[in-house]
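The values are calculated or read from the model by the stated rules, or taken from the named source; none is laboratory data. Worth saying up front: this structure is predicted, and the values here are computed from it rather than measured. Every residue, glycine among them, receives a Cβ derived from its backbone with ideal geometry; neighbour counts consider all protein chains shown.
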Amino acid sequence: MSSNNASKAGRKPNAGAFAQADNVVENYADMRIQSIEDLKTQLHYAAQFRAKYHRPFITVSYAQSIDGSIASRKREPLVLSGPKSWELTHQIRACCDAILIGIGTVLADDPQLSARRVDGKNPQPIILDTHLRTPLNAKCVQRNDVNSWIINGKTDSIPKIRVLEEAGAKPLTCATGTNGKIDLLALMDLLAAMNINSLMVEGGAQVITSFVNSKLVDLFIITIAPKLVGGLQVLNSRGLEAAQYLDCEQVHYQHLGNDIIVWARPGWKVT
Ligand SMILES: NC(=O)c1ccc[n+]([C@@H]2O[C@H](COP(=O)([O-])OP(=O)(O)OC[C@H]3O[C@@H](n4cnc5c(N)ncnc54)[C@H](OP(=O)(O)O)[C@@H]3O)[C@@H](O)[C@H]2O)c1
């Protein structure tokens, strides 16, 4: 993010490093990302990725049961991952410039969105919240270390914006699509302009579905926990409407405690 850019700003360009970066970005689809170390290596070049594609490198990461549920049917919080997988999730958070969730997850889980279980920086929290429904006492609003970005549709509700600002959040206006939700391509432009080089999308179901439908995924890191839930499916019925199904590539399975972590690249070409 900006801190990296700032520290790099005064440096003399290193032709060798740029050539290598170009190569990495050019061949990004061939890059094997099958561990947290691989991810850190890839994200070392995330600024070049953003410069080339005008959007951050996007990692979609969530936990599901064997039957594809990410929460109970009533959207009540569920502990799916074991402690080691949780730690991996926080490592991924610490690698990324920003972490994004939908207002549905804020209302259901009230997460802090920090990387407190590991050493490293906290990502910038981003909430998709078209109508500014984020509660003033939400944990991500109340954090002292960061102003969570509340991405809203163009709203005339100046009082709502003011109270959210006073509570510690930073509302940012973004274009909406024909479905009335935040236009993800417009959001990617906004994030690129704000020097967000890498983005972790954590949920929930509607948000993940929107990112997949928009082909805005560069990497999946999915925890599969040995549970059967019969709850909220990660992709809703509109999921993959454009493609019938999505083949993943460079798939790697990692055991962590009782969980399986799936590392996979989507089989589409980056745009
Ligand atoms: N297992 C996991 O890893 C995991 C991770 C995260 C969440 N969860 C679970 O997921 C559940 C919440 O999922 P959810 O589907 O109800 O809510 P969600 O995906 O968190 O949020 C959906 C809301 O975000 C807003 N939004 C704005 N722009 C959007 C866009 N372009 N695409 C999609 N949404 C957009 C919409 O509300 P507005 O129209 O009001 O803006 C929409 O209703 C919770 O039960 C939570 O526990 C599980």
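Please enumerate the residues belonging to the range 104-116 that are within 7 Å of the ligand (Cβ to nearest atom) and touching a His at 6+ places or on another chain (Cβ under 8 Å).
Selection gives nothing.
Do we find a residue being surrounded by fewer than 20 Cβ atoms within 10 Å (Cβ to Cβ) and touching a Pro at 6+ places or on another chain (Cβ under 7 Å) anywhere in the range 240-248?
Checking the range 240-248: at least one residue is surrounded by fewer than 20 Cβ atoms within 10 Å (Cβ to Cβ) and touching a Pro at 6+ places or on another chain (Cβ under 7 Å).
Collect the residues in the range 183-199 that are under 25 Å from S69 (Cβ atoms) and within 11 Å of the ligand (Cβ to nearest atom), keeping them in residue-number order.
L184
Can you report the number of residues in the range 145-199 which are surrounded by 20 or more Cβ atoms within 10 Å (Cβ to Cβ) and touching a residue at least 60 places away in the same chain (Cβ under 8 Å)?
Counting residues in the range 145-199 that are surrounded by 20 or more Cβ atoms within 10 Å (Cβ to Cβ) and touching a residue at least 60 places away in the same chain (Cβ under 8 Å) gives 6.
Just one of (1) in a strand (DSSP E or B); (2) away from the ligand (no atom under 16 Å from the Cβ) trips up V163, so point out which.
Against the list (1) in a strand (DSSP E or B); (2) away from the ligand (no atom under 16 Å from the Cβ), V163 comes up short only on (1).
If you scan the range 84-109, which residues turn out to be in contact with a Pro (Cβ under 8 Å, 6 or more places away or on another chain), free of Cβ contacts under 8 Å to residues at least 40 places away in the same chain and closer than 29 Å to N179 by Cβ?
V106, L107, D109
Could you say which residue among S65, S69, S85, S81 is touching a helix residue (DSSP H, G or I) at 6+ places or on another chain (Cβ under 9 Å), within 18 Å of I261 (Cβ to Cβ) and more than 7 Å from the ligand (Cβ to nearest atom)?
S81
Among the residues that make up the range 139-146, is at least one of them touching a strand residue (DSSP E or B) at 6+ places or on another chain (Cβ under 7 Å), within 15 Å of the ligand (Cβ to nearest atom) and in a loop (DSSP other than H, G, I, E, B)?
Taking every residue of the range 139-146 in turn, none turns out to be touching a strand residue (DSSP E or B) at 6+ places or on another chain (Cβ under 7 Å), within 15 Å of the ligand (Cβ to nearest atom) and in a loop (DSSP other than H, G, I, E, B).
Anything in the range 224-236 that is assigned to a strand (DSSP E or B) and surrounded by fewer than 23 Cβ atoms within 10 Å (Cβ to Cβ)? List them, or say none.
I224, A225, Q233
Is it the case that some residue within the range 124-133 is of a type in the set (V, I, T), under 23 Å from F57 (Cβ atoms) and in contact with an Asp or Glu (Cβ under 7 Å, 6 or more places away or on another chain)? Steps first, please.
Applying the first criterion (of a type in the set (V, I, T)) to the range 124-133 yields 126-127, 130.
Filter once more, so that each one left must be under 23 Å from F57 (Cβ atoms): 126-127.
If we keep only those that are in contact with an Asp or Glu (Cβ under 7 Å, 6 or more places away or on another chain) too, we end up with none.
No, that holds for no residue.
The conditions are (1) under 12 Å from the mean Cα position of the chain (by Cα); (2) surrounded by 20 or more Cβ atoms within 10 Å (Cβ to Cβ); (3) near the ligand (Cβ under 9 Å from one of its atoms), and F211 fails exactly one of them. Which is it?
(2)
Please tell me if P135 is over 20 Å from T223 (Cα atoms) and either at pLDDT 95 or above or among the polar types (S, T, N, Q) (or both).
So P135 passes the test.
Contact list please: Cβ distance under 7 Å, first residue in the range 52-74 and under 12 Å from L100 (Cβ atoms), second residue more than 10 Å from the ligand (Cβ to nearest atom) and of a type in the set (V, I, T), pairs at least six apart or on different chains.
Once the first residue is under 12 Å from L100 (Cβ atoms) and sits in the range 52-74, its partners that are more than 10 Å from the ligand (Cβ to nearest atom) and of a type in the set (V, I, T) give P56/I196; I58/V217; T59/I92; T59/I221; V60/V217; S61/I92; S61/I221.
Quick check on the range 117-131: of everything there that is touching a strand residue (DSSP E or B) at 6+ places or on another chain (Cβ under 9 Å) and farther than 9 Å from R93 by Cα, which residue is farthest from the ligand (Cβ to nearest atom)?
Among them, the one singled out is Q124.
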